[in-house]
1. Packing-wise, with mean Cβ within 10 Å as the measure, how do 246-258, 322-334, 118-130 rank, highest first?
2. Net charge near Cys216, counting Lys/Arg +1 and Asp/Glu -1 over other residues with Cβ under 12 Å of its Cβ?
3. Can you tell me how much longer the chain between Ala93 and Ser332 gets when fully stretched, taken as 0.36 nm per residue apart minus their C-alpha distance, in nm with one decimal?
4. With the Cα gyration tensor of the stretch 290-388 giving a ≥ b ≥ c as the square roots of its eigenvalues, does the rule (a/c under 1.5 for rounded; else a/b larger than b/c for prolate; else oblate) give rounded, prolate or oblate?
5. Take the alpha carbon atoms of the stretch 251-281, find their center, do the same for the stretch 332-388, and report the distance between the two centers in whole angstrom.
6. Please give the FRET efficiency for Arg66 paired with Thr188, using the beta carbon to beta carbon distance and R0 = 45 Å, rounded to the nearest 0.05.
7. Which cross-chain or sequence-distant (5 or more) residues have an amide H under 5 Å from the amide H of Gly349, H modelled 1.01 Å from N in plane?
8. Which FRET efficiency value, to the nearest 0.05, is calculated for Asp312 and Ala167 with the Förster distance at 25 angstrom and r the Cβ-Cβ distance?
Amino acid sequence: MARFSSSWGTHLGSALAVGGLLVAMVSCGSRTGLFGPDSDFFTGDAAREATADAGPDGVVACVPGRFTFELALTQLMFVVDRSRSMRFTLEGADIVPRRMWRWTLLQNALRGTIVSFDEQIAMGAKFFPEVLSPSDTSAQRSCRTETGIGIAPARGNAQAILDVFDATIPLGGTPTAEAIRSAASFLTQTRSTSRTIVLATDGAPNCNGDLDGDTCVCTAVSSNGLPVSCAGGTRNYSCLDDGHTIATIREATEDLKIPVYVIGIGGLEQPEFLKVLDAMAVAGGRPLPGPTRHYNVQSESELTVALETIRDSVAKCTYLTPSAPTDPNKISVEIDGMSIPRDQTKTNGWDWIDQAFGELAFFGPACTLAQGADGPPAVVTGVVTCDE
């Protein structure tokens, strides 16, 4: 996995979320018909017994035995920042040709990574804030984020997502928390599938009108890039909304079982906000190892590598077991016959994403091993023991 240097800048219009990753991953649609006809997970008496005992809404029963796991079909939600600072260069320069915008670099990187997976991943997108007129300077409207999403997850959506970049121009603030909340809420409507959000942003979250501009950390900057005060007027919308945003991501990950990847794009303007991105990545359950926890990118090639890494992780390293033990540790997992330990730090090994639904994922070198060596994914099997 590539390592990315870390820096994050803020501005009233500085946040990009790809999440959603991008983005959300849900358990296997083949059980529910969401992605096509049902498929056989395993055969024989154990198969018939597990099928008969399966709980409602895809909840998996515990049936003892050895099983072959199925690669999960994925819903991936991109939550994409459309704030004003997405028109900056990666270095933070303003008033530059469109081809140099962070917005354009993200579009190029997405084109190079998602088109080839168009029929393998059900992709959707939530762009934030809503489209804004250049003449509208209202702080409230600059932070507007409608309930719901723009593009619902489906296979064949890659071009529709890319077209939004050509059809709209980045303007406004950075309502990251509300965008994540809306995306996660939408994804819970398809509880029986495997879900993942990838959030990519170029600045600190703001747009929380309930914060006190006289006491908050201000994300606004002057024309020469220096921090300014948020005191007075409607500047409270420029207050750093870190606590609310981190809590929203944590709720999506821990309560709704929707992991959130965090990508930071450019952001050299105010690098002191790096710790906010790192805290968001930790809350999302998919941080990078080492001192920098989020994917920080300072070039289009780094952005492409980050997206490829996340794409492969959600598309090739998440599996479904047809039998889920009541005790989370009463299962042994193998990749091509090699025993893989459970690793709750999600660094190298496997861990549950949603035990009740039989969803688990591989991380680090184990994820690479599951992808196979320049060929089809490896064979993943396991032995389940059930309490008497």
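1. 118-130, 246-258, 322-334
2. The answer is -4.
3. Here the segment from Ala93 to Ser332 would lengthen by 80.8 nm.
4. prolate
5. Between the Cα centre of the stretch 251-281 and that of the stretch 332-388, the gap is 26 Å.
6. 0.85
7. Amide H neighbours of Gly349: Phe363, Ala366, Cys367.
8. Calculated transfer efficiency: 0.30.
Read the figures in this text as sums done on the coordinates, not as results from a lab. Bear in mind the structure is a predicted one, so any value in this text is a computation, not a measurement. In this analysis, Cβ positions are derived from the backbone assuming ideal geometry, glycine residues included, and neighbour counts consider all displayed protein chains.
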